[in-house]
Every structure is written in C-alpha cells, then in structure tokens.
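One structure below.
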Amino acid sequence: TAGTLVRGLSVLAHLERLETRMHRSRKKLEEPQTVQAEESALVTEIQKLRRLRDKLRAEVKRRQAGVKASTANVEPDQTWEITEQEVLERKWENLKAVLQAYRFTGLSGKLTSRGVCVCISTAFEGNLLDSYFMDLIVQKPLRIHRHSVPVFIPLEELSAKYLETNIQHFLFTLCEYLNAYSGRKYQADRLQSDFAAFLAGPLQRNSLCNLLSFTYKVEPRGQSFPLCARLLYKDLTRTLPTDVTVTYQGMDALSTSWEEQRASQENLFRTKPLHHVFTSFARKGEMLDMSLVS
Amino acid sequence: MDARRVELSALQAEIAALRRACEETPAPAENATRGQKSFQEIYQSDSEGWESSKDLRSHLGHLESEILFLSTLTGIKIRNYSKKTKDLTSTEMTEKSIKKVLQRHRLSGNCHMITFQLEFQILEIQNKKSLSSVITDLNIIMEPTEYSELSEFVSRAEERRDLFMFFRSLRFFVEWCEYRKRTFKHFKEKYPEAVHLAEGAASSCMGVRSASQPGFEVVIVWRIQIDDEGKVLPKLDLLTQVPQRVLELDKNRVIETAPLGFRNLLGVLGIEATLESLIKLLCTEEHARSRH
C-alpha cells in the first residue's frame with residue numbers, strides 16, 4: 001500500500017543520507033593530510049560503513065521475515081477452512097477497529113452487565129482534554145448509577161428533561177456542556193500559566209469557569225494603565241462570554257480615544273478565546289519592541 | 001592500510017547489494033489495522049487462539065451487537081476505520097525521556113442520510129510529567145452536499161480541528177432535519193388542502209394557502225443553522241404572498257407585520273403550536289381532518 005511504500009522509502013532515504021555523509025567525509029579524506037590523520041579517518045569511515053551495513057542487513061532480514069509470515073504455512077487439506085477463517089478474521093479486525101473508532105466521536109461506551117458505561121471526551125481547539133464517564137443502568141426507569149461529571153454541571157436537570165425520552169439528545173447535550181466547560185477551563189488555565197506577566201493580580205474564577213474577573217495590562221512591562229475585565233459566560237454550552245465588561249481601573253469618565261480603546265478591548269474578549277486575546281497583546285508588544293530596537 | 005582500503009570497498013559493495021535487496025523486498029505492514037496482520041500476529045495479539053470458525057463467529061456476533069449498540073446510542077454509524085502510527089522520537093528526545101508519535105486516522109460512516117469521510121492527524125507527546133494529544137490536521141468530506149448550511153460548518157470544523165464539535169453538531173443538525181420533516185409531514189396529513197410542500201417534506205419550506213382566498217399564500221421557511229461555535233439553531237421566517245389589492249385594503253398593516261408577529265408567536269408557543277395556529281387562521285372555513 002501507499003503508506004508502507006512511503007515508510008519503506010523513508011527508511012531508504014535515511015540510509016541514503018547516511019551514505020551521503022560518508023561520501024562527504026571521504027572527499028575530506030582525499031585532501032592532503034598527515035599519514036596518521038588519514039589512518040584514523042579511514043578507521044572512522046570503516047566503522048561508519050559497518051554500522052550502515054548492519055542496519056541494512058537487519059532491514060532486509062525484517063522485510064524477508066515479513067514476507068514469510070504473510071505467506072503462512074497452509075496445509076493443503078485445510079485450505080477451505082482457513083479461507084473462511086481468513087475472511088472471518090479480517091472481519092473481526094475491521095469490527096474491532098470500528099469499535100475503537102467511536103471514541104473519536106467524543107462519545108463512546110461499553111456494555112456492562114447492567115447497562116452501559118458511557119465515556120465523554122472533551123477537546124478545545126484540537127487539544128484533547130479530560131474525559132468523563134457515566135454508568136447507566138438499563139431498567140425502567142433508566143438511571144445513572146455512577147459518574148465523574150463535576151457537580152456544577154446541571155446533570156440532574158438534563159437527565160430529568162431528556163434521559164427517559166431521548167437518550168441520544170441527553171448524551172450529546174451533556175457533551176456540549178462538558179466540552180464547553182473544558183474549553184473555558186483550558187482558556188483560564190492558559191491565561192494563568194502563559195500570560196501571568198500581563199495580570200496585575202490573581203485571576204478570579206469559579207469552578208464552572210463561567211465567571212472570570214481579572215486586572216490586566218496590555219503591556220507587561222510598560223507604563224500602560226491597568227484594566228479590569230469581567231467575563232460572564234451565561235450560556236454554559238459556549239466557550240465565549242456572553243457579557244463582557246472592561247473598565248480602566250479607577251476611572252469613570254474617559255476621553256474619546258480611551259473610550260474607543262476600552263470598547264475595542266471589550267469586543268476582543270467577546271469574540272476571541274481568552275488566551276488568544278493575550279497572545280495578540282504579546283505580539284503587538286513584540287512588534288513595538290522591534291520598532292524601538294530598529 | 002591496504003587491508004583497510006580493501007575492507008572499505010567490500011563494505012561499499014555489500015551496502016549497495018543490501019540496498020538493492022531492500023528495494024526488491026516489500027516492507028511488512030506495521031501498525032496498520034484492517035486485516036494486514038499475519039495469522040501468527042493475530043494469534044499473538046489475542047491471548048485466546050481461535051479454536052474454530054464457530055468460536056470466531058460468536059465473538060464476531062458480540063462485536064457486531066456492541067457496534068450496533070454504540071451506533072444507536074450515538075446516532076452515528078462508523079463503517080470503516082484505520083490508523084497508522086509514525087514514531088517521531090529523535091535520539092535527543094529519547095535521552096530526555098520524551099516520546100513523540102504522529103497518528104494518522106481515517107474514518108468513514110454516516111449519520112442518517114449524511115455520509116462522511118474523515119482524515120485526521122493526532123500528535124502525541126509524552127514526557128515524564130504528562131501526555132499531550134493534539135489534533136494537528138482535520139479533513140472532512142461530506143455527502144450529500146445539498147445542505148448548503150453544512151459546507152460552511154465543515155470548513156469551520158476543519159479550521160478549528162474540532163473533531164468532537166463536528167460530530168456533535170452533525171448529530172444535532174440531523175435531529176433537527178428529522179424533526180422538521182416529521183412536522184411538515186404531520187401538517188400535510190392533517191390539512192392536506194391547505195398545506196403545500198413544493199419540494200417534499202425534506203425541504204425547508206412549507207406553503208399554506210387558503211382554498212377560500214385564492215392568491216393568498218404564506219410560506220414558512222424553516223432553516224437550520226449552525227453558528228460559529230457549532231450550536232445548531234432553527235430559524236423560522238414567514239413570507240407572505242398576497243394580491244396587490246389585498247395589501248391596499250390592509251390599513252392596519254397586518255400583513256406587513258405578520259412576519260414579526262410570527263416570530264413573537266414562536267417564542268411564546270413554540271414551533272408546532274405556532275404553525276398550527278397559523279394554518280388554522282388561514283383556513284377557518286376548512287374542514288380539517290380530526291387528530292387521531
């Protein structure tokens with residue numbers, strides 16, 4: 001297949017590179033040198049080539065073993081049985097793979113003796129984050145036995161609304177809540193870890209990560225005025241805030257330009273993930289630094 | 001020195017021959033699922049050897065029922081999946097106990113009438129403290145493409161490499177499509193004369209005309225939109241089609257304000273009740289079929 005060919009070629013490419021290096025070092029050898037230096041260079045080169053040869057020997061052996069294995073020993077009288085077996089085994093491999101693949105939907109599960117254990121995976125911007133599980137008992141009524149969903153997620157509310165009538169809807173709605181929570185948490189964590197220099201005080205956050213309050217500066221070292229930001233994420237299924245308030249610390253009345261700045265900051269927080277906002281502050285600062293230096 | 005030069009050329013010759021041998025022998029498949037393993041590898045990977053086809057069949061049956069269960073649970077049917085792993089750990093990384101692996105995944109299936117094919121890459125970096133997994137690339141192909149709302153959504157999901165959001169929103173989108181279809185069908189069956197589905201129940205428009213007032217028609221446009229964050233929301237609008245003279249007679253501008261009134265009513269009564277009251281309003285002289 002294409003994939004194995006590519007990999008095979010990459011091994012060859014790697015070996016080729018080793019060879020080229022060896023050719024180059026050989027060229028060096030041909031320059032006028034003392035007899036001793038020539039000797040040691042030759043020894044080094046021989047060692048290199050020995051290693052390369054051993055690697056190639058191992059590679060060839062590996063490939064030949066692979067070929068042997070795939071043309072398995074087939075006894076003539078068992079041919080028919082093995083063919084059917086082969087078909088079933090391939091099907092089994094395929095089904096096993098498909099079963100594994102369900103975790104990529106963000107929602108997966110395993111049958112248990114009493115029902116099902118569901119696993120919900122979360123991610124934000126491609127970063128795979130925490131997973132949560134839920135043990136469901138399939139009885140009348142359907143109920144949740146154990147789970148690792150945090151207490152501040154409205155699980156009871158959701159299950160009362162949807163669990164009995166539409167389990168798919170229940171599960172995917174729960175996925176929404178958990179993914180949004182994970183995403184908000186990720187943004188707050190990144191702010192604290194990567195942009196601590198921009199914060200003029202601790203980041204105040206609740207466990208649901210839907211109310212954040214902090215004082216910050218757009219330049220970490222600069223003389224810019226500190227701003228106070230308050231982000232409220234009313235919609236728990238979203239990772240962007242619904243209400244944003246930005247004020248210049250201790251100032252009520254602002255001149256037009258300052259008001260413009262304040263409003264644009266508010267808009268930034270409303271439309272971009274939290275850590276991206278600070279990344280753009282950092283970039284602006286870098287550009288400013290560059291212009292000062294040059 | 002001569003002996004060494006001899007060894008050098010011998011090594012070079014051997015290396016050339018080994019390279020040729022490498023090129024001639026195909027590399028065995030590694031880390032690739034989908035039936036490329038040898039029987040020996042299958043036996044080794046599973047502690048139970050297959051006693052007979054019967055044994056294998058019962059296990060297959062169990063697997064199939066598990067998959068059927070998962071597809072019922074999620075509403076998503078995965079038909080094929082394969083994965084390839086590439087070790088990107090350099091020698092420097094190994095020294096620092098860091099492992100770097102790139103996984104290439106390919107998966108295809110369907111969610112009701114929508115089929116999808118995904119290819120994505122996950123980069124896994126393991127150091128002493130933690131394991132980080134990041135989706136570094138996502139490619140999505142979907143059919144049918146007549147749901148225009150979906151193409152924009154797909155590009156956004158690809159851009160954000162948000163695999164889970166893709167499945168979640170897809171599932172909600174399909175659920176809304178099914179609900180819309182059922183609702184339109186229901187009203188068509190209940191008020192066959194008044195309700196008019198020009199493109200069938202799967203379309204986004206439902207026309208309502210009054211038999212007693214020809215030329216007077218309203219069209220309910222029910223779109224299903226997916227916003228920036230992957231939230232699936234229904235958006236209903238009312239379009240009125242009335243003869244000019246009727247408009248002239250409409251001093252209170254009832255018809256002009258009808259779309260707004262419709263939207264307000266939606267907020268109060270919900271979709272089904274709003275549609276029902278609208279149809280009833282237009283067909284006061286209709287003899288509607290009684291509800292079963």
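Points to keep in mind about this one:
- Strands (runs of 3 or more DSSP E) fully within the stretch B:187-292 counting 3 or more residues that are not hydrophobic (A, V, I, L, M, F, W, C): B:217-226, B:232-241
- Residue that is modelled with the highest pLDDT, among those in the stretch B:46-81 that are open to solvent by 30 Å² or more (accessible area, probe 1.4 Å) and over 26 Å from A:V116 (Cβ atoms): B:K54
- A Cβ distance below 6 Å, combined with a sequence gap of six or more or placement on separate chains, defines the contacts here; from the stretch B:127-138, residues that are in contact (Cβ under 8 Å) with a residue 40 or more places away in the chain reach no residue that is open to solvent by 60 Å² or more (accessible area, probe 1.4 Å) and not in a loop (DSSP other than H, G, I, E, B).
- Filtered residues of the stretch A:123-139 (kept if within 7 Å of chain B (Cβ to nearest Cβ) and assigned to a strand (DSSP E or B)): A:A123, A:N127, A:L128
- Within the stretch B:205-261, restricting attention to residues that are surrounded by 16 or more Cβ atoms within 10 Å (Cβ to Cβ) and touching a Ser or Thr at 6+ places or on another chain (Cβ under 6 Å), the residue that is farthest from B:V195 (Cα to Cα) is B:G230.
- Within the stretch A:128-143, being within 18 Å of A:E157 (Cα to Cα) and among the charged types (D, E, K, R) holds for A:D135, A:R143.
- Of all residues in the stretch A:226-239 being open to solvent by less than 40 Å² (accessible area, probe 1.4 Å) and part of a loop (DSSP other than H, G, I, E, B), the one that is modelled with the lowest pLDDT: A:P226
- Every pair of residues 6+ apart whose Cβ atoms lie under 8 Å, when the first sits in the stretch B:61-88 and is within 20 Å of B:R104 (Cα to Cα) and more than 7 Å from chain A (Cβ to nearest Cβ) while the second is part of a helix (DSSP H, G or I) and open to solvent by 60 Å² or more (accessible area, probe 1.4 Å): B:K86/A:R7
- Residues in the stretch B:126-176 that are assigned to a strand (DSSP E or B), open to solvent by less than 60 Å² (accessible area, probe 1.4 Å), more than 10 Å from every other protein chain (Cβ to nearest Cβ) and at pLDDT 90 or above: B:I140 only.
- For A:Y186: the one exception among (1) loosely packed, with under 14 Cβ neighbours inside 10 Å; (2) in contact with a helix residue (DSSP H, G or I) (Cβ under 9 Å, 6 or more places away or on another chain): (1)
The values are calculated or read from the model by the stated rules, or taken from the named source; none is laboratory data. These numbers come from a predicted model, not from an experiment. Virtual Cβ from ideal backbone geometry, glycine too; neighbours counted across all protein chains shown. Please note that ligands, DNA and RNA were not included when accessible areas were found on the heavy atoms of the full protein model with its side chains. Shrake-Rupley method; radii C 1.70, N 1.55, O 1.52, S 1.80 Å.
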